Structures are given as structure tokens and as C-alpha cells.
Amino acid sequence: MPLRAEEFYTEHDIGLLCEHEVTRVNADAKTLTFSSGDTLAYDALLVATGGSARRLNIPGSDLKNICLLRSFSDADSVIETAGRSKRVVVVGSSFIGMEAAASLRQRGLDVTVVAPSREPFESTLGPEVGALFRRVHEERGVKFNLGSVVYRFEGTNNVEAVTLEGGERIEADMVLVGVGVHPATGFLDGVTLNEDGGVLVDAHMRAADSLYAAGDIASFPDPRTGERVRIEHWRTAQQQGRVAAHNMAGRRTAFDGVPFFWTRQFDTGLLYVGHASRWDEIIYTGDVAAQDFIAFYVKDGRALAAAGVNRDRDMAALEELFRLNLMPEADELRGGATDFAALLRAHSAAPKCRDAGACAA
């Protein structure tokens, strides 16, 4: 039978949890402090507060019709502003910026994307995949001003133009800023934070005694490389939340999930599994220009991640192969003929040995 909150907390405590914002978590004292000034003790706590959208601290950033996109209210504001706008500048060419650019273009707005990178998604997917998505957007009328940095916003009350560092001026009656987030962790005491504000956790998502963190704020050891990473996607937060819950309930469980995300822009969708913050090479199978390919991100001869377009079946198999540490070597991937689903089936059909020595023999 599920446990009920009232079995642990009084009616007053439940009121605090439902009606007041948490302003401080003290990991040493194991207490929460609320905006009302009240405190509440905990035996185990999971913090999954996500991130706050970054703002541009430049002249004119307080003008009206400059939008962020992080919350439901932000989305409502973007839709309302788009409904009375004709020209929009999207600042940033990563996933929020590019997906917003596609959506706003489909609403009939004149869209220009401004970013310092040479291609969209360059640091995540590489220049060739980035160039593919740029072409997808350009074919539908989106304009790009890449390799550029915004210097200031111009206008009286509403934004009227965006000026770049080189002096170019782009007229706009709406701006959408998508330049990333920073972890919402300023209210935490007694935990170790990364340089970027992320919470350092172990393989069990534990940040301090009886305190756990998951999602955008969690800087965790990658179970396949040992590299400490922080991933801003709800799927990873969902995976980590389950692991944290097991450990909070006394069932010791290490995180072994494979990061996964997707994006869809106009009629082009991409799936990504694994994690590669940097790579030595990208191995392609298929045809990038034809939007039918898999890109493998390889470091030290080992594939750490893969991105695919129109390869959903392969990508599903690859996610499990990454989890099981059964990915083919880089030389085999270069051959381009691997049947990943068959490889996974072969592993599933292989007899499992209870005795490690017998298996070795």
C-alpha cells in the first residue's frame, strides 16, 4: 500500500510544502527553510530544481518584447508576443534557439538567428550535422548571422533592433534569447558545487548525508568514462530521479542510464544517445545530406555517443549497446555495415554464466 504524506508530516508541515517556497536547504542540519520563515526537518531529501535561463547583460536588455523560454509562463509570453510581431531575432543556435526559430517561422514571422558559433549545434553535434540543420532552416526562409555576438538592443520602450559587435543592425520587434541556463542551486548550504554551480553527486546521486540531487543541477560521474558531466534534459532527470529514490528508500543503486535526447525542427528529427563533450573524430554511416545517417562521436578509439536521423531502430539498439558496454570498436564502425539490432539480439540470446570462472573457461 502506498505511504501517505500525512503518515510522516503534520497538516501544518504539508501546508508549508504546498504553499511556500523553499529559500534554504541546510545539508548539515538536514532542514528546509521556507519563505514564511518556518523550518522543516528531513530524513532524506531529493533536490531537482533545474536551471534558470541565462539573460544577456547588455545595453537595452530591459526593453519589452525580449523573451526567454524556460517555463510555461515564458511560453505563453512568447506566443503572445509573436502574435503581434513580424520580425524576430533569435539569439543562440543551440536546441532552444533552433527549435524556437523553426516554430516562429512556421507562425509566419521573419526569423534571423544570431550566434557566435560557425554552425548550429557545433559543440554538441559537430559542424557537418550543424550545417545540415542550418540548410533545413534556410530552405524554409530562416536567415542566419553566425560568427556574430550581440552588442546591444535598441528601442524606446519595445525592442526595435539588435546591433552586433561588428556594427551590423538587424531590425526586430521581438527577440528570443536562448543562450543556456545556470543551475538553480544558490539556496543550498553544506553541499559541494561545481564551478558552473552544479551539485557534485556520486554514482548514487548522493550530494551529502541524506541529500540527493538529480537532473540539470547534478554533476555526476559518467558510468562509462568516469568523466564528471552535467546534462540538461528531462529524460536524464527522470532516470536519475528513480535512482535517487531507490537510494533514499535504502536500496543501494548506482546510476547506469545512457543519456538520450531528441530534437525535431520542421520535418527533420534527430535522436542522440550517449554523451561526448569532446571527440577525436566523427564517424559517419549513411548520407548526412540525404538526412539518413548515424554519426558516432569517438574519443581514444571508443564511441561515446551517436546521433541519428531517420535511423530510429538503430538508435534504440545503440542506447542499450552503450548501456551494456557492447559498442563495436571504431574500426568496425568505419566499415558502416554493422547490424546493431542483430548485435543486441545475439547478446540477449547468449547463455549467461552464473560462475565467472566457468564463463572465462
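The values are calculated or read from the model by the stated rules, or taken from the named source; none is laboratory data. All values derive from a computational prediction rather than experimental measurement. Cβ atoms come from the backbone with ideal geometry, glycine included; neighbour counts cover every protein chain shown.
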For segment 164-180, pairs from a residue that is farther than 20 Å from SER77 by Cα to a residue that is assigned to a loop (DSSP other than H, G, I, E, B), with Cβ under 8 Å and 6 or more apart or across chains, are LEU164/SER148; LEU164/VAL149; GLU165/SER148; GLU165/VAL149; GLY166/SER148; GLU168/SER148
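So which of ALA289, ALA245 is small (Gly, Ala, Ser), over 18 Å from PRO127 (Cα atoms) and either surrounded by fewer than 19 Cβ atoms within 10 Å (Cβ to Cβ) or touching a Cys at 6+ places or on another chain (Cβ under 6 Å) (or both)? So that I can check it myself, show each step before the final result.
Details: ALA289 fails: over 18 Å from PRO127 (Cα atoms).
Criteria check complete, one pass: ALA245.
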Assuming ASP300 fulfils every condition listed in (1) out of contact with any His (no Cβ under 9 Å at 6 or more places or on another chain); (2) surrounded by fewer than 19 Cβ atoms within 10 Å (Cβ to Cβ); (3) on the phi > 0 side of the Ramachandran plot; (4) in contact (Cβ under 8 Å) with a residue 40 or more places away in the chain apart from one, which condition is it?
-> (4)
State whether one or more residues within segment 251-261 are over 30 Å from ASP43 (Cα atoms) and modelled with pLDDT under 95.
-> yes
With the condition kept exactly as written, say whether any residue in segment 200-220 is outside the structural domain of SER103 (by TED's automatic domain parsing), surrounded by 19 or more Cβ atoms within 10 Å (Cβ to Cβ) and at positive phi.
-> yes
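For (1) under 19 Å from the mean Cα position of the chain (by Cα); (2) within 30 Å of ALA295 (Cβ to Cβ), each residue gets a yes or a no:
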{"position": "THR81", "(1), (2)": "no, no"}
{"position": "VAL89", "(1), (2)": "no, yes"}
{"position": "GLY97", "(1), (2)": "yes, yes"}
{"position": "ARG118", "(1), (2)": "no, yes"}
Among what's in segment 248-264 and is surrounded by fewer than 17 Cβ atoms within 10 Å (Cβ to Cβ) and more than 15 Å from ALA218 (Cα to Cα), pick the residue that is nearest to the chain's Cα centre (by Cα).
-> TRP262
Can you spot a residue in segment 222-235 that is hydroxyl-bearing (Ser, Thr, Tyr) and either free of Cβ contacts under 8 Å to residues at least 40 places away in the same chain or within 30 Å of ALA29 (Cβ to Cβ) (or both)?
-> no
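Kindly provide the set of residues from segment 36-50 that are in contact (Cβ under 8 Å) with a residue 40 or more places away in the chain and at positive phi, ordered by number.
Filtering segment 36-50 for residues in contact (Cβ under 8 Å) with a residue 40 or more places away in the chain gives 42-50.
The answer is GLY50, and nothing else.
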In segment 79-122, how many residues are of a type outside the set (S, T, N, Q) and outside any helix (DSSP H, G or I)?
-> 22
Is one or more of the residues making up segment 175-193 closer than 26 Å to GLY215 by Cα and in a helix (DSSP H, G or I)?
-> no
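Yes or no, residue by residue, for (1) under 13 Å from GLY60 (Cα atoms); (2) in contact with a Pro (Cβ under 9 Å, 6 or more places away or on another chain):
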site: GLY130; (1), (2): no, yes
site: LEU146; (1), (2): no, yes
site: THR156; (1), (2): yes, no
site: VAL159; (1), (2): yes, no
site: VAL162; (1), (2): yes, no
site: GLU165; (1), (2): no, no
Strands (runs of 3 or more DSSP E) lying entirely in segment 228-309 (those with 3 or more residues that are in contact with a Gly (Cβ under 7 Å, 6 or more places away or on another chain)) | 292-299, 302-309
Taking segment 123-174 and keeping residues over 28 Å from the mean Cα position of the chain (by Cα) and part of a loop (DSSP other than H, G, I, E, B) leaves THR156, ASN157, GLU165, GLY166, GLY167, GLU168, ALA172, ASP173
